[in-house]
Amino acid sequence: MSTHRTHKKQSNNWIILMIVLILLAVAGAGGALYYQYKHSQHIGNPQTLEQVEYLNKSEEEYDVIVVGTDPEGITAAVSAARNGQKTLLVDGNDREVLGGLLTVGWLNSLDMNFSPNSGGILNKPVPLNKGLFSEWYDRVEGDSFDVTTAANVFYDLVKKEKNIDLMLKMKEIKPKMTKGANGNDVIEGIVVTKADGSQQTIKAKSVIDATQDADIAVAAGVPYTYGREDLSDKNTKMAVTLVFRLKNITPDVWAKVKDRLQNDKDEGTGANDVSAWGYKEMYDYKSSNPKRVVMRGLNIGRQNDETMLINALQIYGIDGADTASRAEAFEIGKKEIPLVVEHMKKIYPEFANIELDATAPELYVRETRHIEGEYRLHILDVLENRDHWDRIGFGSYEVDIQRSYAGDGGAVVADPEQYAVPFRSIVPKKIDGLLVVGRSSSFDTLPHGSSRTVPVGMATGQSAGVAAKLATDNKVTFREMSQNKELIAKLQEMINQQGMDVKPFSIKPYPFMEHKQYEGLKVAVTYGLAYGSYGNTAFNLDNNSNPVRFINLLYGAKKMKPDAFTGDPGAALSYTKGATADQLTAERKEHAAKDLTLDQACYTVALALGIKVEAPADAKAELVKQGILTEASLQTITNPAKLTDGDSFMLIKDLHDRLVGTKL
């Protein structure tokens with residue numbers, strides 16, 4: 001009897017302990033089990049696409065107009081409506097569902113931002129973005145989702161808000177402008193052209209531009225850069241993608257996909273019940289048009305109707321903001337995709353019976369315009385996990401710069417833990433009454449590689465809806481609000497109360513940031529000359545440099561400041577005249593195998609700047625004399641006979657400080 005009672009007591013204690021541990025696990029992992037349960041309910045259960053009802057004629061005036069039905073626009077409209085603002089959500093594309101890029105572009109695999117505090121005893125990642133993003137995310141299948149499920153949830157969020165009117169399929173939407181009391185240009189509404197050619201002017205106290213390319217902002221006169229223009233490369237931008245759908249993806253096929261990828265030891269490869277990423281052999285696919293279209297490893301999102309969507313086909317040289325260029329991308333993609341599918345069937349047994357089902361109605365465009373706002377998110381904000389006093393959302397996704405042209409390998413510039421997006425980055429310069437949310441907000445092209453992710457955009461959209469209410473109630477412009485710490489604190493309080501988390505944070509500096517030559521690395525990263533890769537493991541400042549690598553650094557700096565670099569750094573190395581391509585390649589390898597000395601580096605800098613010196617050994621003294629190189633930087637060099645990457649970066653830093661005139 002006593003033994004039985006003892007066992008029962010121990011059993012009860014064990015049950016209590018398990019309950020406590022489970023509760024701690026759920027708390028520590030941000031409800032990972034809850035998310036898993038919520039998402040699993042949808043997998044394999046196809047929904048019927050709900051028909052979206054919308055108006056042909058709206059009211060004449062609203063508190064807020066949101067242009068664009070991508071996720072950022074939906075969250076902005078729902079947020080504004082829930083804050084008591086009479087809101088018009090309007091779209092100028094030929095869309096019949098809500099969700100834009102995710103539901104019409106079929107980009108059904110999310111680039112998630114996870115909290116640095118993820119884990120708990122379950123060691124599960126916790127989504128960093130909350131609020132309306134979580135409200136939507138809880139109701140879809142997971143990090144990949146069925147596009148019909150997603151579209152229905154987006155529509156449900158909108159139609160439940162009595163303060164939202166919805167208008168779709170406008171042929172044209174233009175800003176209606178006026179002059180404000182302070183002399184600034186003000187957007188006071190929009191002019192829409194409908195399918196029948198008739199026009200309607202609709203006024204509003206605030207307009208939120210949630211179009212992918214900041215169309216309203218640009219038409220209103222907001223300044224912007226294009227592509228990599230802030231890196232002096234306006235014509236270069238990331239490839240676009242035409243997502244395609246494959247059928248005959250039975251549960252057995254998906255099980256084989258999971259088995260292959262879960263057992264693949266390659267880094268960056270894996271699978272779960274709805275997502276799969278890997279199949280890196282596709283990088284070796286022989287394109288029929290290699291200068292314009294290539295494949296990368298497969299990003300796969302499972303659908304509930306035994307199909308799957310593939311985000312992997314990359315098309316170069318496309319201007320995503322130009323209608324004719326987008327049409328060209330469709331033509332290129334649709335010619336190549338059948339060849340890709342046949343290749344997949346040949347090399348992967350699990351895909352032997354797949355068939356091409358369709359291609360997405362819209363392109364996945366990664367990069368076009370970057371507006372100029374009151375603050376421009378900088379790559380160092382992301383690299384250094386910086387907080388901002390006017391934070392309205394967070395990001396943590398790696399800085400993913402996809403390939404831009406044939407031969408470009410792309411790059412992961414940095415891998416942050418958590419950084420803040422400032423309110424000032426959605427407040428455009430010059431034009432009052434306007435906010436811009438989404439990938440075309442005020443982000444430099446490098447940090448845009450992380451901040452362009454949809455969860456970040458949905459966070460800024462929700463914050464914009466709250467800001468519209470606050471600006472109206474306090475009779476201030478968004479620009480005035482962006483300079484008012486009291487109002488920003490109120491904005492953050494309201495955002496937190498409405499389900500988001502924009503509380504202050506602090507991340508411990510990475511070890512490489514404590515290196516004596518980190519100031520040089522900052523300049524190299526800003527110029528796009530140094531990449532950290534996943535986990536920031538490639539920032540090895542103590543690696544040996546070489547003459548060829550240093551010349552390439554100077555060519556990169558010359559691209560940023562061409563007027564200052566009047567010479568040719570490549571002249572520092574000699575090559576055989578009349579040599580064949582193979583001979584030149586061999587000689588280049590010989591140069592790359594040599595150590596970079598300080599004298600050689602200084603001589604190369606002098607040639608790049610067009611400074612004449614009698615001999616290479618005289619270059620350092622001349623550069624110091626002219627104030628181009630500083631003794632402080634030179635003193636960080638340990639071995640003048642064998643320079644490191646950190647040494648090279650310090651020389652680049654001195655050039656930046658002298659030629660650009662601002663320190664980073």
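Of the residues contained in the range 50-65, none is found to be crowded, with 24+ Cβ neighbours inside 10 Å, in contact (Cβ under 8 Å) with a residue 24 or more places away in the chain and of a type in the set (G, A, S). Residue by residue through the range 290-340, note down the ones that are basic (K, R), buried (at least 19 other Cβ atoms within 10 Å of the Cβ) and within 22 Å of K247 (Cα to Cα). Listed by number, the residues that qualify are R296, R302.
The set of residues from the range 350-380 being among the small types (G, A, S) and surrounded by fewer than 23 Cβ atoms within 10 Å (Cβ to Cβ) comprises A352, A358.
Considering each of K171, K130, K162 in turn, give the residue that is under 19 Å from the mean Cα position of the chain (by Cα) and assigned by TED's automatic domain parsing to the domain that holds N385. Please lay out each step first, then the result.
Details: K171 fails: under 19 Å from the mean Cα position of the chain (by Cα); K162 fails: under 19 Å from the mean Cα position of the chain (by Cα).
Going through K171, K130, K162 in turn, just one is under 19 Å from the mean Cα position of the chain (by Cα) and assigned by TED's automatic domain parsing to the domain that holds N385: K130.
For the residues G333, G301, G317, the requirement of being closer than 21 Å to A406 by Cβ, not hydrophobic (A, V, I, L, M, F, W, C) and not in a helix (DSSP H, G or I) singles out G317. Annotation: of all residues in the range 508-517 being over 25 Å from the mean Cα position of the chain (by Cα) and touching a residue at least 12 places away in the same chain (Cβ under 8 Å), the one that is surrounded by the fewest Cβ atoms within 10 Å (Cβ to Cβ) is K516.
The number of residues in the range 519-541 being without any contact (Cβ under 8 Å) to a residue 40 or more places away in the chain and part of a helix (DSSP H, G or I) comes to 0. Within the set P616, P562, the sole residue that is farther than 23 Å from V525 by Cβ and modelled with pLDDT under 90 turns out to be P616. Considering the range 161-242, the qualifying strands (runs of 3 or more DSSP E), each wholly inside and each with 2 or more residues that are surrounded by fewer than 21 Cβ atoms within 10 Å (Cβ to Cβ) and among the polar types (S, T, N, Q), run over 199-209.
T3 passes every criterion in (1) among the β-branched types (V, I, T); (2) loosely packed, with under 15 Cβ neighbours inside 10 Å; (3) modelled with pLDDT of 95 or more apart from (3).
Rundown of residues vs (1) in contact with a strand residue (DSSP E or B) (Cβ under 9 Å, 6 or more places away or on another chain); (2) charged (D, E, K, R); (3) assigned by TED's automatic domain parsing to the domain that holds T307; (4) in a loop (DSSP other than H, G, I, E, B), yes/no style:
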| position | (1), (2), (3), (4) |
| --- | --- |
| I249 | yes, no, yes, yes |
| D252 | no, yes, yes, no |
| K256 | no, yes, yes, no |
| R260 | yes, yes, yes, no |
| D264 | yes, yes, yes, yes |
| W277 | yes, no, yes, no |
| M282 | yes, no, yes, no |
| S287 | yes, no, yes, yes |
| V294 | yes, no, yes, no |
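Selection of first residues in the range 340-365 that are at pLDDT 95 or above and of a type in the set (D, E) and of second residues that are surrounded by 18 or more Cβ atoms within 10 Å (Cβ to Cβ) and assigned to a strand (DSSP E or B), restricted to Cβ pairs under 9 Å at least 6 apart or on distinct chains, gives the following pairs, ordered by first then second residue: E355/L246; D357/F244; D357/R245; D357/L246; D357/T307. Restricting to the range 111-142, and then to whatever is crowded, with 18+ Cβ neighbours inside 10 Å and under 30 Å from A219 (Cβ atoms), can you tell me which residue is modelled with the lowest pLDDT? Across the range 111-142, the extreme among qualifying residues is N129. Restricting E622, E631 to residues that are closer than 17 Å to G567 by Cα and of a type in the set (D, E, K, R) narrows the list to E622.
A single member of N152, N235, N163 is out of contact with any His (no Cβ under 6 Å at 6 or more places or on another chain) and without any contact (Cβ under 8 Å) to a residue 40 or more places away in the chain, and it is N235. Taking N93, is it assigned by TED's automatic domain parsing to the domain that holds K162, crowded, with 23+ Cβ neighbours inside 10 Å, modelled with pLDDT under 95 and polar (S, T, N, Q)? No: the conditions fail for N93.
Quick check on A414: is it in contact (Cβ under 8 Å) with a residue 40 or more places away in the chain, in a helix (DSSP H, G or I), of a type in the set (A, V, I, L, M) and in contact with a helix residue (DSSP H, G or I) (Cβ under 6 Å, 6 or more places away or on another chain)? For A414, the condition - in contact (Cβ under 8 Å) with a residue 40 or more places away in the chain, in a helix (DSSP H, G or I), of a type in the set (A, V, I, L, M) and in contact with a helix residue (DSSP H, G or I) (Cβ under 6 Å, 6 or more places away or on another chain) - is not met. I'd like to know if the range 338-358 contains one or more residues that are over 17 Å from M282 (Cβ atoms) and under 28 Å from the mean Cα position of the chain (by Cα). Yes; the residues of the range 338-358 include at least one that is over 17 Å from M282 (Cβ atoms) and under 28 Å from the mean Cα position of the chain (by Cα).
The set of residues in the range 117-130 being of a type outside the set (D, E, K, R) and touching a Ser or Thr at 6+ places or on another chain (Cβ under 8 Å) consists of P125, V126, P127, L128. Is there a residue being under 28 Å from T103 (Cα atoms) and among the small types (G, A, S) anywhere in the range 372-395? Among the residues of the range 372-395, at least one is under 28 Å from T103 (Cα atoms) and among the small types (G, A, S), which makes the answer yes.
Would you call E398 part of a loop (DSSP other than H, G, I, E, B), surrounded by 20 or more Cβ atoms within 10 Å (Cβ to Cβ) and either of a type in the set (A, V, I, L, M, F, W, C) or touching a helix residue (DSSP H, G or I) at 6+ places or on another chain (Cβ under 8 Å) (or both)? Criteria met by E398.
Conditions tested, residue by residue: (1) at positive phi; (2) in contact with a strand residue (DSSP E or B) (Cβ under 8 Å, 6 or more places away or on another chain); (3) crowded, with 17+ Cβ neighbours inside 10 Å; (4) not basic (K, R).
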site	(1), (2), (3), (4)
P547	no, no, yes, yes
L554	no, no, yes, yes
A557	no, no, yes, yes
F565	no, no, yes, yes
K589	no, no, no, no
A592	no, no, no, yes
Y603	no, no, yes, yes
L634	no, no, yes, yes
F649	no, no, yes, yes
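Selection over the range 618-632 of residues that are more than 39 Å from the chain's Cα centre (by Cα) and surrounded by 13 or more Cβ atoms within 10 Å (Cβ to Cβ) gives a count of 6.
Return yes or no: is V427 of a type in the set (V, I, T) and under 28 Å from Y316 (Cα atoms)? It is false that V427 is of a type in the set (V, I, T) and under 28 Å from Y316 (Cα atoms). Of all the residues in the range 433-484, those that are in a helix (DSSP H, G or I), in contact (Cβ under 8 Å) with a residue 24 or more places away in the chain and among the polar types (S, T, N, Q) number 8.
Applying a threshold of 6 Å to beta carbon distances and a minimum spacing of six or more residues, or different chains, the list of pairs starting in the range 485-499 at a residue that is free of Cβ contacts under 8 Å to residues at least 40 places away in the same chain and ending at one that is of a type in the set (A, V, I, L, M, F, W, C) and assigned to a helix (DSSP H, G or I) reads L487/M481. Quick check: anything in the range 304-319 under 30 Å from D215 (Cα atoms), outside the structural domain of N484 (by TED's automatic domain parsing), among the hydroxyl-bearing types (S, T, Y) and touching a residue at least 24 places away in the same chain (Cβ under 8 Å)? Yes, the range 304-319 contains at least one residue that is under 30 Å from D215 (Cα atoms), outside the structural domain of N484 (by TED's automatic domain parsing), among the hydroxyl-bearing types (S, T, Y) and touching a residue at least 24 places away in the same chain (Cβ under 8 Å).
The values are calculated or read from the model by the stated rules, or taken from the named source; none is laboratory data. Because the structure is predicted, anything quoted here is derived from the model rather than measured. No Cβ is skipped: glycine too gets one built from the backbone with ideal geometry, and neighbour counts run over all protein chains shown.
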